[in-house]
Structure formats: C-alpha cells, structure tokens
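This report concerns only the one structure given below.
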Amino acid sequence: MEDEVRMTAWVRGLVQEVGFRWFTRANALRIGGLAGFAVNLGDGRVQVVAEGPKEHCEQLLEWLRTGDTPGAVDGVTEIWATPRGGYDGFEIR
C-alpha cells in the first residue's frame, strides 16, 4: 500500500481569473486517488491542498510546476504532512 500524504502548495504568478483552479481540479481527477481543494488567496496566489498516495501528489506538484497550466506560474512552494481527511473528492473553493 502506498504512503498517504497531505501536500499543500502555494502557486505564485498569473494564476487567478484564468481558469487555473479548474484545470488543477481536472488534473487531480485525471491523476486519480486525490482529495482536496484549490482556492484563490487574497494575495494573488492559489493554494492547492491534495491528499492521497504520495506518488499521485508528486505528479500533481510536478504539473503545477512544469505543466501546461492556464496563466503563468512564477513559482510553487509546498509542504508535506500527514493527511487530515474530511474531503469528498477534489473541490474548487
């Protein structure tokens, strides 16, 4: 069984009002096995929280950093933790 993790990422750049959260959700669903959310922050960043198998979270993080995303990503900072649970699928907030 794969290790379950919680990955929280903050994405900087032109990532609001360009469909970034929707594409993030679609990619999380494509990868599969992930639960969490993407939300716009007041400072212009998007916060992404994903829980699931570590390999799947790593795939989502790689897409956030280097994938064909809407807008323009200037940088991504992430932290890793133990899953908290309580998510039903992957949401846009």
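The values are calculated or read from the model by the stated rules, or taken from the named source; none is laboratory data. Every value quoted in this text rests on a predicted model; they were computed, and no experiment measured them. In this analysis, Cβ positions are derived from the backbone assuming ideal geometry, glycine residues included, and neighbour counts consider all displayed protein chains.
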With the condition kept exactly as written, say whether any residue in segment 2-25 is part of a strand (DSSP E or B) and among the hydroxyl-bearing types (Ser, Thr, Tyr).
-> yes
Does Gly52 satisfy the criteria of being modelled with pLDDT of 95 or more, touching a Phe, Trp or Tyr at 6+ places or on another chain (Cβ under 8 Å) and buried (at least 20 other Cβ atoms within 10 Å of the Cβ)?
-> no
Residue list for segment 11-49, filter: closer than 23 Å to Gly85 by Cα, basic (Lys, Arg) and crowded, with 16+ Cβ neighbours inside 10 Å | Arg21, Arg25
Scan segment 63-86 for residues that are of a type in the set (D, E, K, R) and surrounded by 12 or more Cβ atoms within 10 Å (Cβ to Cβ) and report the count.
-> 2
Please tell me if Gly89 is surrounded by 12 or more Cβ atoms within 10 Å (Cβ to Cβ) and on the phi > 0 side of the Ramachandran plot.
-> no
